[in-house]
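K.L.:
Structure provided below as structure tokens; questions to follow.
Each reported figure results from applying straightforward, stated rules to the coordinates on display, with no laboratory input. Computed from a predicted structure; not experimentally measured. Cβ sites come from the backbone with ideal geometry, for glycine too, and all protein chains shown count toward neighbours.
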Amino acid sequence: MSGTFVGMPAFPEAARDAVRDTTLRGTLRHATHTIRAKRAKAVAEVSDWAALREAGKRIKDHTLRHLDRYLEQLEAAVTAAGGTVHWAADADEANRIVARLVQETGESEVVKVKSMATQEIGLNEALEAEGIRAYETDLAELIVQLGEDRPSHILVPAIHRNRGEIRDIFRSEMGRWGRPAPEGLTDTPAELAEAARLHLREKFLRAGVGVSGANFMVAETGTLVVVESEGNGRMCLTLPETLISVVGIEKVVPSWRDLEVFLQTLPRSSTAERMNPYTSTWTGTTDGDGPRVFHLVLLDNGRTDTLADEVGRQALRCIRCSACLNVCPVYERAGGHAYGSVYPGPIGAILSPQLRGTASDIDASLPYASSLCGACYEVCPVAIDIPEVLVHLRERVAQGGPVTRDGNKVVLRPARGHGAERAAMRAARWAFRHPGALRAGQRLASRTRRFHPRTLPGPGRAWTGSRDLPPVPAEPFRDWWQRTHGGKDGGR
Amino acid sequence: MNSRERILGRVRRALADVPRDDSPIERGYLRRHGERTAEETVALLAENLADYRALVHRCAPDELPSLIGRLLTERGSASVLVPPGLDASWLAGTDAARVADRAGSTAHELDRVDSVVTGCAVAVAETGTVVLDGSPDQGRRRITLVPDHHICVVRVPDQVVSSVPEALERLDPLRPSTWISGPSATSDIELDRVEGVHGPRTLEVVLLG
């Protein structure tokens, strides 16, 4: 994934500063609570939500199960409709392909629709290295780009910025990139949106190359779908001569009809709307309407490795709605940056360690960035059981085991730093198998309870760093049960 | 081995443990939400369009030219983009300069046009959506994007369906389509919806019938 995140500290360290930042916490709390209530209302409007969710899950599972076939079908359909299909095994290859395609047009700048896939591969930085300027045109992406910042939310990458901060960024940075912010710009959202309109207009009107992702690709027809709000997507998809779409291979669905499920569940889950303002569909190129040249870059970059994991592969059902971020108590407090990836929140905690592997500190810590409360699973419109995958990945990190990396099956060694945890689990297993020892130990603990420390020493210190050590009762439960016959003899 | 073969090979190895299953996908969801008369469906479309800040008008066929004329005048539009197949009588009530939808027009030229008038392919009542598919009365995608004012005429009740599944059925996937639900908007500032970013900031929908 993007080089921006290389060398990130583990989640607990990264989250610590965010949790202490009261402005950030206020901003995140306001935004996530606003959208939470609205989403619940938008979902309650459709009586068959559970059936739509189930169908979405089944369509995605079915597609993944026959992914090779649908990708070949898609390639044939896009080609027949006048497009050119490229395959990229990893981020570097995708970046090289896009840079070459842009260079072949003779252009030195591109306008971009917000796209998670191009964020993931660090396309902007790669293009910059080749002397190509990439302009982000989604309002939130623009805020992130102008502020030389990192995205912190899937749908609203600048969710960590409040309106005052956005105004300050526009005032100080817009001039360096093009048309400056209007004089006397205030922090009302309508004025900020107007400033973005004016700033980007000239870039849209002169753009020769557009770069996009896609929300869906229809195998049967070769149709791509982009769902958006502002119209920047339509600008990038229809005004330039050349369109390059970089799309993860898991974004394919079998048929045109399958869109009827996702075009109902995606807008309600992401922006809590019955329908987002603009949805564009296109199939290859159309004579006299829109780009004359269309390239589709199909991206693997860890997806086939994820597909090989029988528990973890359900993460590939994700349609990037970000409902799981908005309901997550950990995300609400830690913010998106702590996840060290363009995919933050609960879905990021299961996606990043699978796409990138768990070799780095941040990726090995992500499966633990959750209280396993299950709110994410409940709101997921394709029913990804995120807690199940988190527990599965924790097991992988702590115990090691077989995984697939770059298409090869390898056996992961247990991660460092989990030695104490494993020793504790071994001790617990032994104790539960030896009731006499367990009883003696519990009695000893009860009798000495006045002398217990409030925090654990040694390797246990980290555990009690953010938790109270539970007090040991005066009498072990088993002794109490025997003495009182299960409470029948008056309890105490 | 090229990347295409490499990726497809990885997919096949990753799925070696999973049996193929070609049984049709179970679709337990509804084709539409609730039964309505044609008139009720049109009313729901009007309500949902208005909810997302589209300006909704209703008129009979003989009133359409004067309505469009009035809307353009109120807006102060001096020029209007006209798709090649638009019924010429629709613009009989306006003096605004007609600008043809031509392949050779540049984006900058389109940016100088005040308004655009189009028909539509289908409208979705449950979501408050009009869908354009590039038919002759709708023109190229960019003409409904660059001008700041879009008047879209929907023939009711024929062009109105209840739901997204019913709309997809009517559309040809090989034609580029644009689904429009209200004027352009953003939720990017504190996750609150604000209307008016890059697309037309004023969307007027005329329900004709």
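K.L.:
Whole-Hz ³J(HN,Hα) for each residue in the range A:307-313, computed from phi via Karplus 6.51 cos²θ - 1.76 cosθ + 1.60 with θ = phi - 60°, x for glycine and proline: what do you get?
P.N.:
Computed from phi, the couplings for the range A:307-313 are 4, 6, 8, 5, 8, x, 4 Hz.
K.L.:
Related question: Mind checking the angle between helix A:49-65 and chain A's longest principal axis? C-alpha axes, 0 to 90 degrees, to the nearest 10.
P.N.:
Helix A:49-65 sits roughly 80 degrees off the main axis of chain A.
K.L.:
Given only helices, namely DSSP H runs of n ≥ 4 each adding -39500 (n - 2.57), what is the per-residue ellipticity at 222 nm of chain A, to the nearest 500 deg cm²/dmol? Walk me through the numbers before you get to the answer.
P.N.:
Numbers: 23 runs with 242 residues, N = 492.
For chain A, the value works out to -14500 deg cm²/dmol.
K.L.:
Taking the range B:1-60, which trypsin sites (Lys or Arg not before Pro) meet the DSSP loop condition and have no more than 11 other C-beta atoms within 10 Å? It would help to have the intermediate numbers written out before the result.
P.N.:
On the way: sites: B:4, B:6, B:10, B:12, B:13, B:20, B:27, B:31, B:32, B:36, B:53, B:58; in loops: B:20, B:27, B:31, B:32, B:36, B:53.
For trypsin sites (Lys or Arg not before Pro) across the range B:1-60 that sit outside H, G, I, E and B with at most 11 neighbouring Cβ atoms in 10 Å, the list reads B:20.
K.L.:
Treating only the Cβ of Lys, Arg, Asp and Glu as charged (+1, +1, -1, -1), what charge dipole size does the protein assembly as shown show about its Cα centre? Round to the nearest 20 debye. Could the numbers behind the result be given before it?
P.N.:
Working: 89 positive and 92 negative charges, 805 e Å.
In total the dipole reaches around 3860 debye.
K.L.:
When the distances between all Cα atoms of chain B are binned every 10 Å from zero, what whole-number percent does each bin get?
P.N.:
Each 10 Å bin holds this share of Cα pairs: 8, 29, 30, 15, 11, 6, 1.
K.L.:
Nearest 5 percent is fine: what portion of the DSSP beta bridges confined to chain A is antiparallel? Provide the component values of the computation, followed by the final result.
P.N.:
Details: 15 of 39 bridges.
Of the beta bridges lying entirely in chain A, close to 40 percent run antiparallel.
K.L.:
Same structure again: Quick one: of A:57/A:203; A:41/A:203; A:41/A:114; A:251/A:409, which pairs are farther than 28 Å apart, Cα to Cα? Mind showing how you got there, number by number?
P.N.:
Working: A:57/A:203 39 Å; A:41/A:203 37 Å; A:41/A:114 26 Å; A:251/A:409 24 Å.
From A:57/A:203; A:41/A:203; A:41/A:114; A:251/A:409, over 28 Å: A:57/A:203; A:41/A:203.
K.L.:
Based on Cβ point charges of +1 for Lys and Arg and -1 for Asp and Glu, what charge dipole magnitude is obtained for the range A:3-299 about its Cα centre, in debye rounded to the nearest 20?
P.N.:
1000 debye
K.L.:
Can you compute 3J(HN,Hα) from phi for each residue in the range B:89-103, using the Karplus curve 6.51 cos²θ - 1.76 cosθ + 1.60 with θ = phi - 60°, rounded to whole Hz and x for Gly and Pro?
P.N.:
Coupling constants for the range B:89-103: 5, 4, 9, 5, x, 9, 9, 4, 5, 7, 10, 6, 7, 10, 4 Hz.
K.L.:
Need one value for A:373-379: mean number of C-beta atoms belonging to other chains within 10 Å of its residues' C-beta atoms. Walk me through the intermediate numbers first.
P.N.:
Details: counts 0, 0, 0, 0, 0, 0, 0.
Mean inter-chain Cβ contacts per residue within 10 Å come to 0.
K.L.:
May I pose another question? Using a 10 Å cut-off on Cβ to Cβ distances, tally the other chain neighbours for every residue of B:18-29 and report the average as a whole number. The partial results should precede the final answer.
P.N.:
On the way: counts 7, 1, 3, 4, 3, 1, 2, 13, 4, 10, 7, 15.
Per residue, the average neighbour count from other chains is 6.
K.L.:
Now a separate question. Per residue of A:258-265, what is the mean number of Cβ atoms on other protein chains within 10 angstrom of that residue's Cβ?
P.N.:
That works out to 5 on average.
K.L.:
If you don't mind, another one. When the helices in chain B are scored as -39500 (n - 2.57) per DSSP H run of 4 or longer and the sum is shared across all residues, what 222 nm value do you end up with, to the nearest 500 deg cm²/dmol?
P.N.:
Values: 5 runs with 50 residues, N = 209.
My calculation for chain B gives -7000 deg cm²/dmol from helical runs alone.
K.L.:
Putting +1 on Lys and Arg Cβ atoms and -1 on Asp and Glu Cβ atoms, find which of B:202, B:38, B:19 reaches farthest to the positive end of the dipole of chain B.
P.N.:
Farthest along the dipole direction, towards plus: B:19.
K.L.:
For the range A:244-250, in order, what is each residue's ³J(HN,Hα) by Karplus, 6.51 cos²θ - 1.76 cosθ + 1.60 with θ = phi - 60°, in whole Hz (x at glycine and Pro)?
P.N.:
Karplus-based 3J(HN,Hα) across the range A:244-250 equals 10, 10, 9, 9, x, 5, 7 Hz.
K.L.:
Work out which GluC sites (Glu not before Pro) in chain B are exposed loop sites (DSSP not H, G, I, E or B, at most 13 other Cβ within 10 Å) and give the longest gap free of them. Don't jump to the answer; show the numbers that get you there.
P.N.:
On the way: sites that count: B:26, B:35.
The reported range is B:36-209.
K.L.:
In addition: For chain A, which longest stretch is free of loop sites, where a loop site is one of the GluC sites (Glu not before Pro) that DSSP puts outside H, G, I, E and B and that has at most 15 other Cβ atoms within 10 Å? Mind dumping the intermediate values first?
P.N.:
Details: sites that count: A:45, A:130, A:148, A:183, A:241, A:310.
Here the longest segment lacking exposed loop sites spans A:311-492.
K.L.:
Enumerate cysteines in chain A without a disulfide-compatible partner, where compatibility requires another Cys Cβ under 4.7 angstrom.
P.N.:
So far as the 4.7 Å Cβ criterion goes, A:236, A:318, A:321, A:328, A:373, A:380 stand without a partner in chain A.
K.L.:
Shifting gears a bit: Determine the percent antiparallel among the DSSP beta bridges restricted to chain B, to the nearest 5.
P.N.:
Numbers: 9 of 33 bridges.
Of those bridges, close to 25 percent are antiparallel.
K.L.:
Let me know the charge dipole size of the range A:419-484 about its Cα centre in debye, to the nearest 20, where only the beta-carbon of Lys, Arg (+1) and Asp, Glu (-1) is charged.
P.N.:
Values: 14 positive and 4 negative charges, 29 e Å.
That gives a dipole near 140 debye.
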